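Here the structure comes first, spelled out in structure tokens, and everything after it is commentary.
What follows draws every value from the coordinates through simple rules; no lab data is involved. Computed from a predicted model, the values in this text were never measured in an experiment. Cβ coordinates were reconstructed from backbone atoms using ideal geometry, including for glycine residues, and neighbour counts include every protein chain displayed.
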Amino acid sequence: MKNILIFILAIGIFTACEDQLELAPISSPSAANFYRNTKDFEQAINGVYNSLNGYSGVQFFLSEVRSDNVYSPGTGVREWNPINNFDKTLSTNPLINSTWNDSFRGIYLANTVLDRINAEAVPEVAIRDRMIGEAKFIRALYYFDLVRYFGKVPVYDHVVTPSEALEIPRAPVAEVYDLIVADLQDAGNKLPVFYDRPGKATSLAAKALLARVYLTMSGPDYGIQGPGKDAGKYSDALSLLNEVINSGQYQWVDDYASIFSYGNENNGDIVFDIQNIDDGATGNRGIGTILPTLMYHESFAKINLPFAGGVPGDSPINPSDQLLASFEPGDVRDDVSILMSYKDENGNTNVNPQFVKFLSLDPQYIPADRFNWGINFPVIRYTDVLLMKAEALLQTGGSQNEVNQIVNRVRQRAGLDDITNVDIDALLEERRKEFIVEGLRWHDLVRTGKVLEVMNAWEMEDDDANKISGISANDIIYPIHQSQLEVKQGLYEQNPGY
């Protein structure tokens, strides 16, 4: 059975976790005897959230590693090297396959809730509306990623049968955006502004995500069927961002490092994040994140951590030389995000920079195994909302003074002096350092029209191994994985350039 059919056929068994969301596992439910009451739907919704467990890894590999923040040409055969090298053979890459499959699995779970929820099972209108809003928020989040990574994708706004799926081709990007926008608008209307427990999608999170969607839609199309549509939605984005800012629900956090502290999760900078918790002594429930392990080096782990793992020495995922050189003296984000050297198992100083933004060496936060770090992953931060506002202002000819104020507030927290006449290039540089390894860099470059200029200049400067042979518009989106092309001959066509 082909991969796409697996996720359409399967009735998800929601492996959930007992964190702030009060997730609870379900023992072998079936479609016939489940979805009967509010409690069942609460568990189902928590299962939809739990599908986001691998979300941070996707953002790291397909956005961060793809960008000028990382140089990982590799000497071995690692899945991320072809991503970094812009190989034309990515249609067989496992990371591409898992991104597609995991996204459609999450969409399937959301659709299952949306198809089955009704007034009889969930009689309280506010609770039912909230569940619908949550499912639509997560469905929109997945589809937004799919359109940014693959361009055209099949649109499933309900659960379909295998035979129906075989007749649904990739939809035009505009149709995918229609579903995303409608979902986020409905979520913005149905979801509450605030919860007394963290980790749930709110109406303001939906509006912030919709603003990001509008900015992306408004980017250039590059002559490809990708995420940019020249849609002219900058004013719409600005209106939503002002609504989020003026809500008073989020606070400026003065200390940059504390935003990512294990002891300070769900702080005032978090608009929406993915909840991860340490799995305790057993580490076998899969409720943490592997993200820190995707960044630190094996040789570092041998001396600093009680378990094996990390990036192998033949293909380290290193900060690019250009990124390292871009930091101004005194920028605290450098030290928070990157470790320049460490002692290896032989006591020698290894001068080999690595990303450590989401890593803690405090014994109380080190998990039982490398797969279950208990640090949440920020999807939308208040700082991002502010900087997206600055971007929208620049794109609409808004107040230069307000743009400068927003950017300089971010710089002041980083320990840097103010700058004047901030333009898109200066804004992108500030975002680059502010959101290191948060999975935003590639998307930022694409939507602002800078990706080809910036990435080709970076290649000339950083590609010492001569692994990259130019970056073109076709490289902006990824190929459709070969396994999907084989579902039904002619159902999907391959993206140009692969």
Inset, instruction - Neighbouring Cβ atoms within 10 Å as the yardstick, rank V160, V336 fewest first. - result: V160, V336
Inset, instruction - Could you tally the net charge around G313, taking each other residue with its Cβ under 15 Å from the Cβ of G313, Lys/Arg +1 and Asp/Glu -1? - result: -2
Legend entry - Relative contact order [Cα under 8 Å, 6+ residues apart], segment 315-433, whole percent: 22
Legend entry - Sequence-distant lysines (8 or more away, or on other chains) whose Cα lies within less than 18 Å of K88: K467
Inset, instruction - Arrange the peptides 142-148, 324-330, 38-44 so that the one whose residues have, on average, the most other Cβ atoms within 10 Å appears first. - result: 142-148, 38-44, 324-330
Inset, instruction - Report the net charge of residues surrounding I127, where surrounding means a beta-carbon distance below 12 angstrom and charges are Lys +1, Arg +1, Asp -1, Glu -1. - result: 0
Inset, instruction - Before anything else, pin down the relative contact order of the chain: Cα pairs under 8 Å, at least 6 apart, normalised by residue count, whole percent. - result: 20
Inset, instruction - Please give, to one decimal in nm, the separation of the simple spin-label points placed at D321 and S261, each 7 Å out from Cα toward the Cβ. - result: 3.7
Legend entry - For the chain, size of Cβ-based charge dipole, Lys and Arg +1, Asp and Glu -1, in debye: 1100
Legend entry - For I270, net neighbour charge (Lys/Arg +1, Asp/Glu -1) across residues whose Cβ lies under 11 Å away: -3
Inset, instruction - Filter the chymotrypsin sites (Phe, Trp or Tyr not before Pro) in segment 169-258 to those in DSSP coil with at most 12 other Cβ atoms within 10 Å of their Cβ, and list the result. - result: F194, W252
Inset, instruction - In debye, nearest 20, what is the charge dipole magnitude of segment 291-375 about its Cα centre with +1 on Lys and Arg Cβ and -1 on Asp and Glu Cβ, if you could check? - result: 200
Inset, instruction - DSSP loop (so not H, G, I, E, B), at most 11 other Cβ within 10 Å: list which trypsin sites (Lys or Arg not before Pro) in segment 239-342 pass both filters. - result: none
Legend entry - Sequence-separation-based contact order of segment 291-375, relative, with Cα cut under 8 Å and 6+ spacing, percent: 34
Inset, instruction - Multiply the residue separation of V332 and E345 by 0.36 nm, subtract the distance between their alpha-carbon atoms, and state the gained length in nm to one decimal. - result: 1.9 nm
Inset, instruction - Before rounding to the nearest 500, sum -39500 (n - 2.57) across all DSSP H runs of length at least 4 in the chain and divide by the residue total; then give [θ] at 222 nm in deg cm²/dmol. - result: -13000 deg cm²/dmol
Inset, instruction - Any chance you could run the full-extension gain for D221 through S235? It's 0.36 nm times the residue separation minus the Cα-Cα distance, nm to one decimal. - result: 3.2 nm
Inset, instruction - Under a cut-off of 23 Å between alpha-carbon atoms, report the lysines in cross-link reach of K389, not counting same-chain residues fewer than 8 places apart. - result: K207, K229, K233, K433, K450
Inset, instruction - Please give the contour-minus-distance gain from S472 to V193: 0.36 nm per residue of separation, less the Cα-Cα distance, rounded to one decimal in nm. - result: 96.2 nm
Legend entry - Inter-centroid distance (Cα atoms) of segment 242-268 relative to segment 383-423, Å: 18
Inset, instruction - Can you figure out the FRET efficiency of I127 with F307, using R₀ = 56 Å and their beta-carbon distance, to the nearest 0.05? - result: 0.85
Legend entry - Those aspartates and glutamates that a straight Cα-Cα span of less than 14 Å connects to K152, excepting residues fewer than 8 apart in one chain: E175, D178, D221, E493
Inset, instruction - Assign one of three labels to the chain, namely rounded, prolate or oblate, based on the Cα gyration tensor with a ≥ b ≥ c the square roots of its eigenvalues; rounded applies when a/c is under 1.5, prolate when it is not and a/b is larger than b/c, and oblate otherwise. - result: rounded
Legend entry - Vicinal HN-Hα couplings computed from phi for segment 141-146 (Karplus, 6.51 cos²θ - 1.76 cosθ + 1.60; Hz; Gly/Pro x): 4, 5, 5, 5, 4, 4
Legend entry - Dipole magnitude of segment 76-231, debye to nearest 20 (Cβ charges: Lys/Arg +1, Asp/Glu -1, about Cα centre): 400
